[in-house]
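Q: Okay, handing you the structure first.
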Amino acid sequence: EQCGLTLAVAGRDVPVRELNNVLLRDLGERIALSSRWPLVIDPENIAQKLIQYSGCSLLNFFYPSDMEAERLRLSLLSMLRAGGVLALDLLSFGAGVAMEL
């Protein structure tokens with residue numbers, strides 16, 4: 001905004017109670033029919049817990065053991081086979097970004 005640029009972000013707010021239907025089950029097939037991957041901004045880590053407890057693969061970007069090639073390969077293959085979610089947790093990577101996105 002300071003440089004005269006405006007940012008238009010496509011997306012929607014999803015209540016916590018609908019997160020399972022929207023993110024994991026993809027009711028309405030918005031994720032399947034889209035050419036983009038979902039980005040979840042969740043300051044309270046509710047989505048992280050949902051993904052973790054649902055049996056999907058959750059890898060932490062800042063843990064070297066999670067970013068090893070073999071671990072990434074196994075996680076991707078197991079989620080492709082099971083039809084699950086492979087999520088990458090960036091922790092507070094965007095902490096400096098305004099939450100008004």
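The values are calculated or read from the model by the stated rules, or taken from the named source; none is laboratory data. All values derive from a computational prediction rather than experimental measurement. Ideal geometry is used to build each Cβ from the backbone, glycine not excepted, and the neighbour counts take in all protein chains shown. To get the accessible areas, we keep the full protein, side chains included, count just its heavy atoms, and leave off ligands, DNA and RNA. Shrake-Rupley method; radii C 1.70, N 1.55, O 1.52, S 1.80 Å.
Q: Those residues that are open to solvent by less than 100 Å² (accessible area, probe 1.4 Å) and without any contact (Cβ under 8 Å) to a residue 24 or more places away in the chain, I need them from segment 58-77; list them, please.
A: The answer is SER65, ASP66, MET67, ALA69, GLU70, LEU72, LEU74, SER75, LEU76, LEU77.
Q: Which condition breaks for VAL85 when tested against (1) within 16 Å of ASN21 (Cα to Cα); (2) exposed (fewer than 11 other Cβ atoms within 10 Å of the Cβ)?
A: With respect to (1) within 16 Å of ASN21 (Cα to Cα); (2) exposed (fewer than 11 other Cβ atoms within 10 Å of the Cβ), VAL85 is out only on (2).
Q: Can I ask one more? Determine if segment 40-57 includes at least one residue that is open to solvent by less than 60 Å² (accessible area, probe 1.4 Å) and more than 19 Å from GLU18 (Cβ to Cβ).
A: yes
Q: Of the residues ARG36, ARG17, which is open to solvent by 50 Å² or more (accessible area, probe 1.4 Å), within 20 Å of ASP89 (Cα to Cα) and at pLDDT 80 or above?
A: ARG36
Q: Modelled with pLDDT under 90 and open to solvent by 70 Å² or more (accessible area, probe 1.4 Å), is that true of LEU80?
A: no
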